[in-house]
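Quick note: the coordinates plus some simple rules give every number you see, no bench work behind them. Given the structure is predicted, the values throughout are model-derived calculations rather than measurements. When we count neighbours, we look across all protein chains shown, and the Cβ atoms used for this are built from the backbone with ideal geometry, even at glycine.
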């Protein structure tokens, strides 16, 4: 049976480099046959193997002053392009470190399966950086959201919390080791972060980058662009000049070479394919 991978791209933050890179990481970590689908408002420079569809309509309107990625609610529609059955959604800013095949074999095809929210492990919340569901499984949620988007966003803050609490038949979680949060689960805890580089946890297949720390930051060892990576001593000196020095001390980590290697390989594969076109 053909495996269906879905991603979504809107605006100018990511675009073709991220979509193409994700395709190449998927291709390297999946047993064919598979289909890679992107719902997007701009498909310029996408690899020809990527099937593109226009973004589904935004239900209601985009809430203001909310943290969640509410445009992802477009994918809760009862119909998505020509897709049928279960699909695996993957965010554009992830690093794939192992086989994706098990994500299609786990549980029942009718299940809604989410990653675990590592930031609040005791709350049994889901993370929608990588999830699987049948087309239309969350259509009732889309209608609830469309009726009053701001009220839903104000109550739940994040779209993944809304899904966790309201999926019509409940949700399931991937096994704990499969999906890991880079900032929380890959960077060693203080003070080990000053002696050991970030590592891929055992049996991890996908590393997610929730929040402001993204793969480009991981490659150079920084939490955000406004606080560029510094050598250990320089970072410590800077930390003690800040309002919250302990927090700043915890934010040191070495560049994650494996992130650079995986993304670099995907980029090189994309470039090679472009060259032969």
message: Over the Cα atoms of the chain, each weighted equally, I'd like the Debye log10 I(q)/I(0) at q = 0.08, 0.14 Å⁻¹, rounded to two decimals.
response: -0.35, -1.06
message: Please check: in the Gaussian network model of the chain (C-alpha springs, under 10 Å), which one of 214, 65, 29 has the largest mean-square fluctuation.
response: 65
Label zone at residue 28, where the point sits 7 Å out along the Cα-to-Cβ direction: segment 179-208 residues whose backbone N lies under 17 Å: 200-201, 204-208
task: Take the alpha-carbon centre of segment 176-208, take the same for segment 1-39, and report the distance between them in whole Å.
output: 24 Å
- prompt: Tell me, what is the percent relative contact order of segment 204-277, built from C-alpha pairs under 8 Å that lie six or more residues apart?
  reply: 29 percent
- line: Residues 172, 243, 13 in order from fewest to most other beta-carbon atoms within 10 Å are 243, 13, 172
task: Treat each spin label as a single point 7 Å out from the Cα along the C-beta direction, and report the residue 227 to residue 2 distance in nm.
output: 4.6 nm
query: residue 236 to residue 177: FRET efficiency via 1/(1 + (r/R0)^6), r the Cβ-Cβ distance, R0 22 Å, to the nearest 0.05?
result: 0.10
task: Mind sorting 213, 22 by how few other Cβ atoms lie within 10 Å of their own Cβ, fewest first?
output: 213, 22
- prompt: Considering only DSSP beta bridges with both partners in segment 1-135, what is the antiparallel share in %, to the nearest 5?
  reply: 40 percent
- prompt: Taking only Cα atoms, what is the 0 to 90° angle, nearest 10, from helix 257-276's long axis to the longest principal axis of the chain?
  reply: 50 degrees
field: Extension gain (nm, one decimal) between residue 151 and residue 122, 0.36 nm per residue minus Cα-Cα
entry: 7.9 nm
- prompt: Under a point spin-label approximation (7 Å from Cα along Cα-to-Cβ), what is the residue 106-residue 203 distance to one decimal in nm?
  reply: 1.1 nm
message: With 10 angstrom as the radius, rank 133, 62, 25 by how many other C-beta atoms surround their C-beta, starting from the fewest.
response: 62, 25, 133
- prompt: Does segment 59-188 come out rounded, prolate or oblate, given a ≥ b ≥ c as the square roots of the eigenvalues of its C-alpha gyration tensor, rounded meaning a/c under 1.5 and, failing that, prolate meaning a/b above b/c?
  reply: oblate
- prompt: Just from its helices, what would the mean residue ellipticity at 222 nm be for the chain, if runs of 4 or more DSSP H residues each count -39500 (n - 2.57) and the sum is divided by every residue, rounded to the nearest 500 deg cm²/dmol?
  reply: -8500 deg cm²/dmol
- prompt: Relative to the longest principal Cα axis of the chain, at what angle does helix 16-28 sit, 0 to 90 degrees, rounded to 10?
  reply: 80 degrees
- prompt: Once a ≥ b ≥ c are taken as the square roots of the eigenvalues of the Cα gyration tensor of segment 165-277, is the result rounded (a/c under 1.5), prolate (a/b larger than b/c) or oblate (a/b not larger than b/c)?
  reply: oblate
